[in-house]
Every structure is written in C-alpha cells, then in structure tokens.
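Novice: This structure is in structure tokens; I'll ask about it shortly.
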Amino acid sequence: QYIMALGGTVLVHIIIAALTLIDNGKHHKYHDFEGFQGLLLVLLRISIFAVFVYKVRETMKIVSRKNLPFMKGFIISSSLYLLIFPILWLVSYCLNPHMRLKFIVFGNLLVQMI
C-alpha cells in the first residue's frame, strides 16, 4: 500500500518535471514554478498536507500524555514544512516576476534551516 503511494508520488513528480520542459525558455516564464506546473506542485503539497492531517488525527488517538509535547512540535514543524511552498508561491505573485524564484527558493531554504 505504501509502496504504491510512493510510486504514485514519484510518478506525479516525473510528470510535473516533464511538463516544465514543454514551455521551457518562453519569454514570459521566469522559473519552473510559474504557470500550470507551479499550480500542480502547490496542489500536490496541499494534498500531501491533507493526508498528513488525517494521519496525525489517527495517531493522536493513541499517543500517550508523555509524548504530547513531542507530537505538538512535530505537527507544527511538519505543517510549516509542507505548507511553506504553497504560501511562498502565492505571496510571490505580489513581487516582480524576475524576483519570484529567489523569493521562493530562499524562503524555502530559510524555513528548512529552522
């Protein structure tokens, strides 16, 4: 079951990577996260987050009180990791097109360093 989910995720990433090559080098495209491909990546991250929330709810039913502080930290850090790309992607549309990639990449790196 998990192997099929992992294989499906890898397949989706390969398809999205192939889609970025379709309009690579177009004059209106500044980075790979722009356009349809970026939207697919955002939707993929949000769907992964939805599965994460579902599994966390199941796990919280069996967690002992002793492990609650760890679980709270884990949930917060994992949620931030999964949602930072969609948030940065959305906010980047307030910036000039040539600055969007830097904003997304450095924002992701900053959050991953925390």
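Novice: How far is it, in nm, from the label point at residue 44 to the one at residue 62 when both lie 7 Å from their Cα along the line to the Cβ?
Specialist: 3.0
Novice: Additional query: Find out how many positive minus negative residues lie around residue 51, taking Lys and Arg as positive, Asp and Glu as negative, among other residues whose Cβ is under 12 Å from that of residue 51.
Specialist: Counting the neighbours of residue 51, the net charge comes to +2.
Novice: Just grab the label-to-label distance for residue 111 and residue 81, each label 7 Å out from Cα along the Cβ direction, in nm (one decimal).
Specialist: Simple spin-label model gives 1.2 nm for this pair.
Novice: Would you mind telling me the share, in percent, of accessible area of the chain contributed by carbon and sulfur at probe 1.4 angstrom?
Specialist: 73
Novice: Calculate for the chain the 222 nm mean residue ellipticity that helices alone would give, adding -39,500 (n - 2.57) per DSSP H run of length 4 or more and normalising by residue count, nearest 500 deg cm²/dmol.
Specialist: Computed mean residue ellipticity for the chain: -25000 deg cm²/dmol.
Novice: What is the count of Lys pairs in the chain whose alpha carbons sit under 24 Å apart, if the two are 8 or more places apart or on different chains?
Specialist: 5
Novice: Helix 68-92 versus the longest principal axis of the chain: what is the Cα-based angle in degrees, 0 to 90, to the nearest 10?
Specialist: Roughly 10 degrees, rounded to the nearest 10.
Novice: What ranking, highest mean first, results for peptides 4-16, 37-49 when packing means the other Cβ atoms within 10 Å averaged over each residue?
Specialist: Final packing ranking: 37-49, 4-16.
Novice: Taking every pair of Cα atoms in the chain, average 1/r, invert it to obtain the Kirkwood radius, and report Rg/Rh to two decimals.
Specialist: Reported Rg/Rh, Kirkwood definition of Rh: 1.05.
Novice: Let me ask another. Would you mind working out the accessible area per residue for the chain, using a 1.4 Å probe, and quoting it in Å²?
Specialist: With all protein chains present, the chain gives 74 Å² per residue.
Novice: How big is D, in µm² s⁻¹, for the stretch 52-114 by Stokes-Einstein at 10 °C and 1.306 mPa s if Rh is the Kirkwood radius over C-alpha pairs?
Specialist: 118
The values are calculated or read from the model by the stated rules, or taken from the named source; none is laboratory data. Since we're looking at a predicted model, the values are computed, not measured. Cβ: placed from backbone, ideal geometry, glycine included. Neighbour counts: every protein chain shown. For accessibility, only protein heavy atoms count, side chains too; no ligands or nucleic acids. Shrake-Rupley method; radii C 1.70, N 1.55, O 1.52, S 1.80 Å.
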